[in-house]
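K.L.:
Below: one structure in structure tokens.
The values are calculated or read from the model by the stated rules, or taken from the named source; none is laboratory data. Keep in mind the model is a prediction, meaning the values are calculated, not measured. Positions of Cβ are generated from backbone atoms using ideal geometry, with glycine treated the same way; all protein chains shown enter the neighbour counts.
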Amino acid sequence: MKIMKPEHTAIVFFAHSSEEELKHKKIHNGSLLFHSLTQKTLKTIKKSGLPYFHFTEHEQRGNSFGERFTNAVQSVFNLGYERVITIGNDTPHLTTKHLVTAASNITDMKSVFGASTDGGFYLMGFHKTQFQTDFFKNLPWQTTQLQRQVYSWASKENIEILKLKVLRDIDVEKDVFTIGSLYSTNTSIINALFVELLQIQKKVITIYISLKTNNSSPEIYFNKGSPSFQFS
């Protein structure tokens, strides 16, 4: 097992501009949110002391996410780095410790993965000898099957896996509400959006109760049958 030095590791940071993010994630006040998340993640990356490459929609190449991911990672390996850690900007509780832990544990026989609650990953770290372009390009990205296939691949290749703590990422407005209600965060925009969403939900519940107690009003059916699921 070959232990690599920290300087042989680079971070691949996938983060679109806030304008591009809004095309894919419809979140209230999303532009400010995405900008804040990107800046917070960049600050986290810089604290690690590791070199990094920021891939926005302008630097990514490929027709699918798999192609864009594979091309970005391979381009960094082509620069001479032997280990790559990939992250996005949608996990507020990603810390410098996660990055440093990954960097110090990746070897030619060991990968590091940080799973997200939606079946994907907020962090993937691997050695260049493990990076099989065809496999990674054709993974079921952005589906709940991603974790299962990646872990199955590692098992077949006899690659040891270090699993970091599972974290929640932000894909829809519900995720902002859940993160704000379940976790503490020092990201002011997340806290502000949580408070705003909570006030919206309280208003919805008040209206719902008012309609329910008014016999002359027709029954109102909310998403999934309950106002508590308005952000599902």
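K.L.:
Identify, please: which residue in the stretch 21-52 is surrounded by 14 or more Cβ atoms within 10 Å (Cβ to Cβ) and at pLDDT below 60 and is, among those, farthest from R68 (Cα to Cα)?
P.N.:
N29
K.L.:
Exactly one condition in (1) surrounded by fewer than 18 Cβ atoms within 10 Å (Cβ to Cβ); (2) modelled with pLDDT under 95 is not met by N105; state its number.
P.N.:
The single condition N105 does not satisfy is (2).
K.L.:
A further question on this structure: Search the stretch 59-83 for residues being within 22 Å of F34 (Cβ to Cβ) and surrounded by 19 or more Cβ atoms within 10 Å (Cβ to Cβ), and hand back the single one that is modelled with the lowest pLDDT. So that I can check it myself, show each step before the final result.
P.N.:
Kept after step one, since they are within 22 Å of F34 (Cβ to Cβ), are these residues of the stretch 59-83: 59-62, 64-65, 68-69, 72.
Remaining after also requiring surrounded by 19 or more Cβ atoms within 10 Å (Cβ to Cβ): 68-69, 72.
Details: R68: 92, F69: 95, A72: 96.
Top of the filtered list is R68.
K.L.:
Would you pick out the residues in the stretch 123-143 that are buried (at least 17 other Cβ atoms within 10 Å of the Cβ) and charged (D, E, K, R)?
P.N.:
K128, K137 - these are the residues of the stretch 123-143 that are buried (at least 17 other Cβ atoms within 10 Å of the Cβ) and charged (D, E, K, R).
K.L.:
Here's something else I'd like to know. Take T86 and tell me if it is within 21 Å of R168 (Cα to Cα), modelled with pLDDT of 95 or more, within 15 Å of the chain's Cα centre (by Cα) and buried (at least 17 other Cβ atoms within 10 Å of the Cβ).
P.N.:
Details: within 21 Å of R168 (Cα to Cα): yes; modelled with pLDDT of 95 or more: yes; within 15 Å of the chain's Cα centre (by Cα): yes; buried (at least 17 other Cβ atoms within 10 Å of the Cβ): yes.
When the stated conditions are applied, T86 passes them.
K.L.:
Related question: Taking the condition assigned to a helix (DSSP H, G or I), of a type outside the set (S, T, Y) and surrounded by 19 or more Cβ atoms within 10 Å (Cβ to Cβ), does V150 pass? Spell out the reasoning first.
P.N.:
Numbers: assigned to a helix (DSSP H, G or I): yes; of a type outside the set (S, T, Y): yes; surrounded by 19 or more Cβ atoms within 10 Å (Cβ to Cβ): yes.
Taking the combined requirement at face value, the residue satisfies it.
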